[in-house]
Amino acid sequence: MKNSGYYSQFGGAFIPEILVPTFDELESAYLAAREDESFWREYQELMSTYSCRATPITRLDNLSEQLGGAGIYVKREDLNHTGAHKANNVMGQGLLTRRMGKKRVIAETGAGQHGVATATMAAKFGFDCTIYMGAHDVARQRPNVFWMEQMGATVVAVNEGSQTLKDAINEAFRDWVSNMDDTHYVLGTACGPHPFPEMVTWFQSIIGTESRKQMLDRTGKLPARVYACVGGGSNAMGIFSGFMDDKEVELVGVEAGGRGTGVGQHAARLAYDDASIGVAQGYKTYFLQDRDGQMQDTHSVSAGLDYVGVSPILSSLHENERVRFEAATDDQVVEAMQRTVRHEGLIPALESSHAFAQAYREAPDLSPDDSILINMSGRADKDIFTVADAVDDPKWREFIIDKAAAYQREMNDA
């Protein structure tokens, strides 16, 4: 175990001895990049020309009027290339991979956005790429799997355990142990062994830096509250970073409330009382686990929020009461997404819609002189199958049935 990378009692690097040199190499490269001003300039240039930085802030005029209370603003990370905040991290790690001289990247993915972003980065930089994804997530995020494969990535469906994100992470680490010399693991969220939580937060902090300036330019003052969904914690740490020293700004993380309280019904590590402190997947944090330390099943309508753990930085901020954690249920999330689509023409991902749901509940209680900011971490193109099923859309069902029947006829005629 390495001793660095702690946030109060959380974090660390609980790794096998064989991986210590690889983590030492990564930490050295990361710290050198942080000290090199040209690296950040290159990163900003890449994100401004290849992605969509700086992403804008949009005021929800219609819903601000309908709900009353605070004015509602949205940070548009959905406008990044590949449709989510994930590009910020993977492009930064791509530059770092090239600096280290590695030729291959691997990654885990849940909702598929990190996988698509990593495959995109690999295609741009010329890296070989393997993406590990739980078989359950492969089935419900097939559009993202399609694009990963089109960009040349090998997508490996993980059939162990609950066949979701935690199992994909386990497989990615197994791959890394066998291929350390030429491979970099592009961990997608602010979790895992040090330096990943800090490094991912650094790349994602571009969200918060932009947001703080944009809100001051737009409204003349800081928002009363900033909302972000919380799976592992990368988009939340990204936007929260810009306001961490502004004590008058309340930071609100929104977890997956799923079907409600009870083991296996949700993925709320900090908002509910079902999690406990433990060590798994290389770091110490709150996990949904039983008394023996075995990881519990989780549930969320969103594939990106059903992780059993949470960023050690967020665990520390939770215990220090700097971030307030809430949970939104599947039904509340789908309703918030539909409301946003119908009244504002924005299509937030199911992950992001957790933050929207909580913000909509709380906005009416604030003053009209206040503003709140929601991090729209991604858009819902990837969620079309899940959402169509959740809202029980008859035209979509008819389309799928007809498409399947046509495909079967083609197979029969072949």
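What are the residues in the stretch 43-55 that are surrounded by 15 or more Cβ atoms within 10 Å (Cβ to Cβ) and not aromatic (F, W, Y), if any?
L46, M47, S51, C52, R53, A54, T55
Of all residues in the stretch 263-286, which are assigned to a strand (DSSP E or B) and in contact with a strand residue (DSSP E or B) (Cβ under 7 Å, 6 or more places away or on another chain)? Break it down into steps so the answer makes sense when it comes.
Step one: of the stretch 263-286, the residues assigned to a strand (DSSP E or B) are 267, 276-280, 283-286.
The answer is A267, S276, I277, G278, A280, Y283, K284, T285, Y286.
Give just the number: which of (1) surrounded by fewer than 17 Cβ atoms within 10 Å (Cβ to Cβ); (2) in contact with an Asp or Glu (Cβ under 8 Å, 6 or more places away or on another chain); (3) among the hydroxyl-bearing types (S, T, Y) does T154 not satisfy?
That leaves (2) as the condition not met.
Is there any pair linking a residue in the stretch 347-360 that is not assigned by TED's automatic domain parsing to the domain that holds E326 and crowded, with 24+ Cβ neighbours inside 10 Å to one that is at pLDDT below 95 and among the small types (G, A, S), with Cβ under 6 Å and at least six apart or on different chains, and which?
Partner pairs satisfying both residue conditions: none exist.
So is D78 touching a Pro at 6+ places or on another chain (Cβ under 9 Å), within 24 Å of E351 (Cα to Cα) and among the acidic types (D, E) or not?
Working: touching a Pro at 6+ places or on another chain (Cβ under 9 Å): yes; within 24 Å of E351 (Cα to Cα): yes; among the acidic types (D, E): yes.
Taking the combined requirement at face value, the residue satisfies it.
Take the conditions touching a Cys at 6+ places or on another chain (Cβ under 6 Å), modelled with pLDDT of 95 or more and buried (at least 24 other Cβ atoms within 10 Å of the Cβ) and apply them to V254. Does it pass?
Here the answer is yes, as V254 does meet what is asked.
Going through A157, A190 one at a time, which residue ends up being on the phi < 0 side of the Ramachandran plot, in contact with a helix residue (DSSP H, G or I) (Cβ under 6 Å, 6 or more places away or on another chain) and part of a loop (DSSP other than H, G, I, E, B)?
When all the criteria are applied, what remains is A190.
Tell me, please, whether a residue that is more than 30 Å from G71 (Cβ to Cβ), crowded, with 16+ Cβ neighbours inside 10 Å and hydroxyl-bearing (S, T, Y) can be found in the stretch 362-382.
Checked the stretch 362-382: no residue is more than 30 Å from G71 (Cβ to Cβ), crowded, with 16+ Cβ neighbours inside 10 Å and hydroxyl-bearing (S, T, Y).
Determine which member of the set V323, V333, V301 is touching a strand residue (DSSP E or B) at 6+ places or on another chain (Cβ under 6 Å), β-branched (V, I, T) and crowded, with 22+ Cβ neighbours inside 10 Å.
V323
Residue under question is V145, and the condition is that it be outside any helix (DSSP H, G or I) and surrounded by 17 or more Cβ atoms within 10 Å (Cβ to Cβ); does it hold?
Against the criterion (outside any helix (DSSP H, G or I) and surrounded by 17 or more Cβ atoms within 10 Å (Cβ to Cβ)), V145 does not qualify.
Within 21 Å of the chain's Cα centre (by Cα), in contact (Cβ under 8 Å) with a residue 60 or more places away in the chain and farther than 30 Å from M148 by Cα - does that describe any residue in the stretch 47-65?
Keep residues of the stretch 47-65 that are within 21 Å of the chain's Cα centre (by Cα), which gives 47-48, 50-58.
Going one step further and asking which of them are in contact (Cβ under 8 Å) with a residue 60 or more places away in the chain, we end up with 47, 50, 53-58.
Checking which are farther than 30 Å from M148 by Cα leaves us with none.
No, the stretch 47-65 contains no residue that is within 21 Å of the chain's Cα centre (by Cα), in contact (Cβ under 8 Å) with a residue 60 or more places away in the chain and farther than 30 Å from M148 by Cα.
So which residues in the stretch 182-215 are among the charged types (D, E, K, R) and either farther than 17 Å from F127 by Cβ or at pLDDT below 95 (or both)?
Within the stretch 182-215, E198, E210, R212, K213 qualify.
Is it the case that T97 is closer than 20 Å to S302 by Cα and in contact (Cβ under 8 Å) with a residue 60 or more places away in the chain?
Taking the combined requirement at face value, the residue does not satisfy it.
Kindly state which strands (runs of 3 or more DSSP E) lie completely within the stretch 56-123 and contain at least 3 residues that are in contact with a helix residue (DSSP H, G or I) (Cβ under 7 Å, 6 or more places away or on another chain) and surrounded by fewer than 20 Cβ atoms within 10 Å (Cβ to Cβ).
none
The values are calculated or read from the model by the stated rules, or taken from the named source; none is laboratory data. Everything quoted here is computed from the prediction, not taken from an experiment. Using ideal geometry, Cβ is built from the backbone for each residue, glycine included, and neighbour counts are taken over all protein chains shown.
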